[in-house]
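Scroll down for the structure; my scribbles are underneath it.
Rule-based calculations on the coordinates, nothing more; no lab input. Keep in mind that this is a model prediction, so the values were computed, not measured. All Cβ positions, glycine included, derive from the backbone under ideal geometry; neighbour counts span all protein chains shown.
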Amino acid sequence: MATGHTDHHHEETFISKYIFSQDHKMISKQFLITGMIMAVIGMIMSSLFRLQLGWQGESFWILNFFLGDKWAPDGILDPNMYLALVTIHGTIMVFFLLTGGLSGTFANLLIPFQIGARDMASGFMNMLSYWFFLASSVIMIVSLFVETGPASGGWTVYPPLSALPQAMPGSGLGMTLWLASMSLFIVSSLLGGLNYVVTVINLRTKGMTMTRLPLSIWALFVTAILGVLSFPVLFSAALLLIFDRSFGTAFYLSDIHIAGEVMERTGGSPILYEHLFWFLGHPEVYIVLLPALGITSEVIATNSRKPIFGYRAMIGSILAIAFLSFIVWGHHMFLTGMNPFLGAVFTFTTLLIAIPSAVKAFNYITTLWKGNIRFTPAMLFSIAMVSTFISGGVTGIILADSALDINLHDTYFVVAHFHIVMGLSAVMAMYAGVYHWFPKMYGKMMNRKLGYAHFWTTFVCAYGVFFPQHFLGLAGVPRRYYSNSEFPIFDDLISINEMVSIFAIIGAISQFIFIFNFFYSMFKGPRTTQNPWGSNTLEWTTPIDPIHGNWPGPLPTVHRWAYDYSKPGKPEDFVPQTVPLEDGEFDGGGH
Amino acid sequence: MTIFLIILSIALAVLAVGQLMRVFEASSQLKGGTSVLPTDAENKYQAKMMLVFLAAYFSFFAWLVARYGDKLLPESASEHGVHLDNLLDFNFAIITVVFAITHVFLFYFAFKYVFNKDRKAYYYTHSNKLELLWTTVPAIFLAVIVIWGLSEWIDITMDETPNDAVVIELYPKQFDWTARYAGSDSTLGASNYMMISGTNPLGVITNQTLEGRIAELETEKADYQIELEKAPKGGLKEQEMIEKIEKWDRILAKVKSFNDLDEANRSLGNDDIIVKSEFVIPRGKEVSFKFRSRDVIHSAYMPHFRAQMNCVPGMVTEFHFKSTITTDEMREKTQNEEFDYILLCNKICGAAHYNMQMNIKVVEEEEFNKWMQEQETFAESIAPAEQNGTANANQEANVISMIEY
């Protein structure tokens, strides 16, 4: 498999090159730019609802500008639209940016490059994966424009709220479109995931054993396996919800009296939906996080000019986290009335995850120790990622404890926790990945000064937004509240909300520095050198101007692991994987 | 509005700085001063910024604690809540130490080992000793957290509720709460969502409500039959009415089947007490809550008692606790004359989710017993209401049922 079409160099039309491309490099860019567009939409939504939360009940022309007279009469946000914004913001960020955007971009870019393959195992399936992703994005955006508004039941769309149009306007057509969009998304994710798994298993070049793979590939490989095993369960949950909504079944419904009428549906249980949803929902957290950890591993090792510390332990912890992620979903459901004994089991398994996570964090810190650190923007974002991973991770220890969860469940403490540990970590790593591999994607360098400006505004605002929310949670403020002003006990906390909103809006605006830098550098950036960061991995041995099949001659042969940085006795501070071992030299990863 | 303008101007300033940087970059490119990798000056500057950030981050944390530390929830007003607060403090102590140490190392190393072209990094691939150390140390701390945490969890959720506990049912709907006390027999009367009517919002099943509900359904069915006769043949209206009548027949059959319940079962609800907007609980006595839901999932959150449980349609969930501080005492402790314990909804349930509340009043047991005696029982509360009702058929049916009762 590793040999084959080396002279695969026919002329391409615009359509086959840019639109219906089967080339992993182009598909990766398509995922990235679609993900960026979705992210901007999700970010604008968060700014809009932060306006309401920071200055409750005040009028803003910009709300009226974006939402119109129906959803923001006189510039004051409508409570139903508030819930819709929160819901679609969550859906877009979790699925479209951090699942499709992150895995889609970097699995496509890095897997063939870093394992030494000409392309994905199935270019056609890969193309389909992107087109299903695009279709699902388009449907999600269309759902914003229906008369009754988009889905508004929270990104977890628990029935009966999401099942009954009588319960809220967003559970009408908007919810139907949400389900249609997510179904296509799942198809996209499965087509992509299967492809990534098969490619990593079958198409590694000569010498590229599993224990010589860069950690980015390990992470993307395990992520793909998680997705393939868990997304079908979400699909079944969505399918049953579609049945309940449209065909009169009662999988999730029982004993409901709504809008003055008896609903004759008995025997179902919303708890069933919660189990099915979180059986995906928890692995999903690691589908978001593992690629982020993989990217961080690469960027930190390269820019510290030092091998990643504890390579095998890193692989072990990826595998441990992946395994455990399938047996912890119940920690989202401690208070659903689930058997308390089951809650105790889930507390135990959840806290186990802290161990491999701690190992990863300590290993990153040790990689920095006695390194020779170059502060590229990618490196800064990676260090930030380690910081957010720790800051958000430690509060997970509290929330995993079923007893403590009683008082913190569904408060802002949870919002702070998952935004920092999952949202920020993954976003930081995604930025690190884009700054690091931009030269490989476009053959140009991004502007470093703008990169620094972008990094510092983003990092400071990120903590400015989410760190104070811990205090809201400890004061008992529930999440998804349109306003806290109905409760006098929350009056002392108004200034937190205002501060958070200011940071959120400045942070959102500063992302345009990145967007400007990205597109400006794509066209006007200085040309990159062959191996700008002095990396060991195979992608930097391919030509700067990408070609079909990646390598013009035969595929490279791998002789060593990916982390021979600053190896004693070598003239340079890096040794690419293609350099043969000298007599008596140990392969760092292999013993 | 002014705030928005401030934000907008900050944004523009950021953009302007970006533009200036671009000009600067372009001019340095002209001088040939561009490099792929960060310059020594840039590396050193960013390394220093690592320490600046570390200091700023810790200061922000400290400032938040100083500014808002005393604005969090007051001391727990329930017995188990005190244990939970201790557990939380213990957890916070551990994670704050871990957070601080790891962050100091992370940012200090980043600062200290800044790039120097004359130096080579230390080729250090792994250390079994170190890795064993930071696998086992977290494991030991986690073992303590798990054992302590689970023993609290088991105490709270799995112990038997004492027989003399006050039993209260909380029944939410979009967007309010209703509370029902079990009354003198300490047993909640049977209930069913098909029994819900204007005078019986909880669907309690008693002989009286059963007769009333059957009569109400019969009347409604009769109305639909009249409409069906008037409806044009073969039209949509006719179809709708046929379906309605079929549905009403099914509901009637179900409701009539409640007559098969034991006579004893059908009288349990009579002494129940239903209250809205505020419920009262005695201090120092176990209160056992039963939760149902009328429409979507809600969550009964009582933050001052460290108590929460979801309310799920189709099932009954439970939670119980013993309160330790009366409302009056808490008002003194918090030096807030208007302090009230609250119940709020903590599971997204629709547009007015943010304003679905009920007051909780904690009083001494004597006062509680007195308060209970003043309340109307369910049987008392529906009798006059139904006599004043407007539907004639209902009235007739109810008179009959009352005689039977």
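Results, tabulated for the structure shown:
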{"quantity": "Partner aspartates and glutamates for B:Lys237 [C-alpha distance under 13 Å; skip if fewer than 8 residues away on the same chain]", "calculated": "B:Glu227, B:Glu229"}
{"quantity": "Footprinting exposure proxy for B:Glu243, B:Glu263, A:Glu284 (fewest neighbouring C-beta atoms within 10 Å first)", "calculated": "B:Glu263, B:Glu243, A:Glu284"}
{"quantity": "Highest-MSF residue in chain B out of B:Lys254, B:Lys347, B:Lys237 [GNM, Cα springs under 10 Å]", "calculated": "B:Lys237"}
{"quantity": "Euclidean distance of C-alpha centroids, the stretch A:95-109 and the stretch A:443-497, integer Å", "calculated": "25 Å"}
{"quantity": "Burial ranking of peptide ranges A:214-226, A:331-343 (average Cβ count within 10 Å, highest at the top)", "calculated": "A:214-226, A:331-343"}
{"quantity": "Footprinting exposure proxy for A:Tyr442, A:Tyr481 (fewest neighbouring C-beta atoms within 10 Å first)", "calculated": "A:Tyr442, A:Tyr481"}
{"quantity": "At least 30 Å along the helix axis (C-alpha) and Kyte average at least 1.0, DSSP helices within chain A", "calculated": "A:24-54, A:173-202, A:215-246, A:340-368, A:377-400, A:494-524"}
{"quantity": "The stretch B:42-158 shape via C-alpha gyration tensor axes, a/c threshold 1.5", "calculated": "oblate"}
{"quantity": "Inter-chain Cβ neighbour average for residues B:148-158, partner chain, 10 Å", "calculated": "6"}
{"quantity": "Nearest 10 degrees, 0 to 90: helix B:128-158 Cα axis against chain B principal axis", "calculated": "20 degrees"}
{"quantity": "Among A:Thr541, B:Trp177, A:Met168 the positive-end extreme of the charge dipole of the protein assembly as shown (Cβ point charges)", "calculated": "A:Thr541"}
{"quantity": "Acute angle (nearest 10 degrees) that the helix B:2-30 long axis makes with the longest principal axis of chain B, alpha-carbon atoms", "calculated": "30 degrees"}
{"quantity": "Cα gyration tensor shape for the stretch B:296-355, rounded if a/c is under 1.5, else prolate or oblate", "calculated": "oblate"}
{"quantity": "The stretch A:15-55-the stretch B:198-229 distance, computed between alpha-carbon centres (Å)", "calculated": "54 Å"}
{"quantity": "Charge dipole of chain B about the Cα centre (unit charges at C-beta), most positive-ward option of B:Thr334, B:Val52, B:Phe90", "calculated": "B:Val52"}
{"quantity": "The protein assembly as shown - charge dipole about Cα centre, Lys and Arg +1 at Cβ, Asp and Glu -1, debye rounded to 20", "calculated": "6020 debye"}
{"quantity": "Sorted by Cβ neighbour density within 10 Å, fewest at the top, the residues B:Glu152, B:Glu238", "calculated": "B:Glu238, B:Glu152"}
{"quantity": "Shielding of A:143-154 by partner chains, average beta-carbon count, 10 Å", "calculated": "1"}
{"quantity": "Debye, to nearest 20: dipole size of the stretch B:42-158, +1 on Lys, Arg Cβ, -1 on Asp, Glu Cβ", "calculated": "1120 debye"}
{"quantity": "Within the stretch A:564-590, backbone nitrogen closer than 19 Å to the virtual label 7 Å beyond the Cα of B:Asp40 toward Cβ", "calculated": "A:573"}
{"quantity": "Sequence-separation-based contact order of chain A, relative, with Cα cut under 8 Å and 6+ spacing, percent", "calculated": "17 percent"}
{"quantity": "Given charges at Cβ of Lys, Arg, Asp, Glu: the stretch A:415-543 dipole, positive-most of A:Ala426, A:Leu474, A:Ala462", "calculated": "A:Ala426"}
{"quantity": "14 Å Cα-Cα reach of B:Lys370 towards aspartates and glutamates, excluding residues that sit fewer than 8 places from it in its own chain", "calculated": "none"}
{"quantity": "FRET efficiency, 1/(1 + (r/R0)^6) with R0 60 Å, evaluated for A:Ser236 and B:Asp260 via beta carbons", "calculated": "0.95"}
{"quantity": "Distance from the stretch B:44-101 to the stretch A:364-383 (C-alpha centre basis), Å", "calculated": "26 Å"}
